[in-house]
Amino acid sequence: MSKKYQGKPAGEFEFKNILYDKSDFTATVTFNRPRVLNSVNFETLLELQSAFHDASFDDRVRVVVLTGAGEKAFCTGADMNEQQEFLAERNYWKWMGEFIKTHEMMRNIGKPMIARLNGIVVGGGNEFNMSCDLGVAADDIYIRQVGASHGSVAAAGATQWLPIIIGDRRAREMLMLNEEIPAAKALEWGLVNQVVPRAELDGAVAAMAEKLSNKFPEILRYTKEQLNFWKTLSWSMTIGHARDWLSVHSQSAEVAEGVTAFKEKRKPNYKKSRK
């Protein structure tokens, strides 16, 4: 490997589910599944890993931006249509393993990451937001956790990191009530660093990326490593258990009702779960 490793040209990657661009000092990774609100399937996770590996090793890249295609959604978490297949085949453990690996790559990418929140941020999408170091949001978006309403537990980031980022009571509010957190409240709570009118989103992200590029990269890398202490501690103590518990729980009646309700485009029947 040469002393200055420059990675592959972004155009050489044949991604189907994401877009990848490298311009000047910034690598931009875009969830590119707008028809399903940029939800994440198994192939998307593998493509994200490939892009993050390249951005991490490319010495020309100083900042990584993560965003979504279109204006409706940043990311809405797992692709529920694919999840039905994984649950039926008892393969959720495998999907969860790649989800975990993707977030660990983000935390250890060695460069600052900015979440460009161009649309709604739901479920696992907020975990991608929290895996980034900084976040800039359009003023008409909202952030929402939905697990308790749809038959899952936000056990791969949200339950560990929301208390660290926004405090215990606010984390419980998001995870237990599952209500929308508008952009202004997300800023007040610390879920994002900046909220701007939609027309100013690109400019605000570019300005933040430029500020980060004008810092010493090795110092930023170690600063990120140290800042990640509490995230990494809570994650490492719980993620293995979460992976197995979610895999086993995927066969439960509550998950079955949540998945069926999604498929039938109706609200889950919560009364069925009451004793």
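Before moving on, here are some points about what is shown:
- Residue list for the stretch 257-271, restricted to those being on the phi < 0 side of the Ramachandran plot and either aromatic (Phe, Trp, Tyr) or not in a helix (DSSP H, G or I) (or both): Phe262, Glu264, Arg266, Lys267, Pro268, Asn269, Tyr270
- Among residues of the stretch 260-275 that are over 15 Å from Ser149 (Cβ atoms), those with a beta-carbon under 7 Å from a residue that is of a type outside the set (A, V, I, L, M) and at pLDDT below 80 at least six positions away or on a different chain give the pairs Lys263/Gln84.
- Meets criteria (small (Gly, Ala, Ser), part of a helix (DSSP H, G or I), over 21 Å from Gly70 (Cα atoms) and modelled with pLDDT of 95 or more) for Ala204: no
- Checked against the criteria, Lys211 does not count as assigned to a helix (DSSP H, G or I) and either crowded, with 17+ Cβ neighbours inside 10 Å or touching a helix residue (DSSP H, G or I) at 6+ places or on another chain (Cβ under 8 Å) (or both).
- The lone criterion from (1) touching an Asp or Glu at 6+ places or on another chain (Cβ under 6 Å); (2) modelled with pLDDT of 95 or more; (3) closer than 25 Å to Gly97 by Cα left unmet by Gly157 is number (2).
- Note on the stretch 50-80: residues that are of a type outside the set (D, E, K, R), more than 12 Å from Gln6 (Cα to Cα) and part of a loop (DSSP other than H, G, I, E, B) total 4.
- Wholly within the stretch 83-191, strands (runs of 3 or more DSSP E) carrying at least 2 residues that are not β-branched (Val, Ile, Thr): 113-117, 134-138, 142-144
- If you go through the stretch 15-52 and pick out every residue that is on the phi > 0 side of the Ramachandran plot, of a type outside the set (A, V, I, L, M) and more than 13 Å from the chain's Cα centre (by Cα), you end up with 1.
The values are calculated or read from the model by the stated rules, or taken from the named source; none is laboratory data. The shown structure was predicted, so the numbers you read here are calculated from the model rather than taken from an experiment. Neighbour counts run over all protein chains shown; Cβ positions are idealised from the backbone, glycine included.
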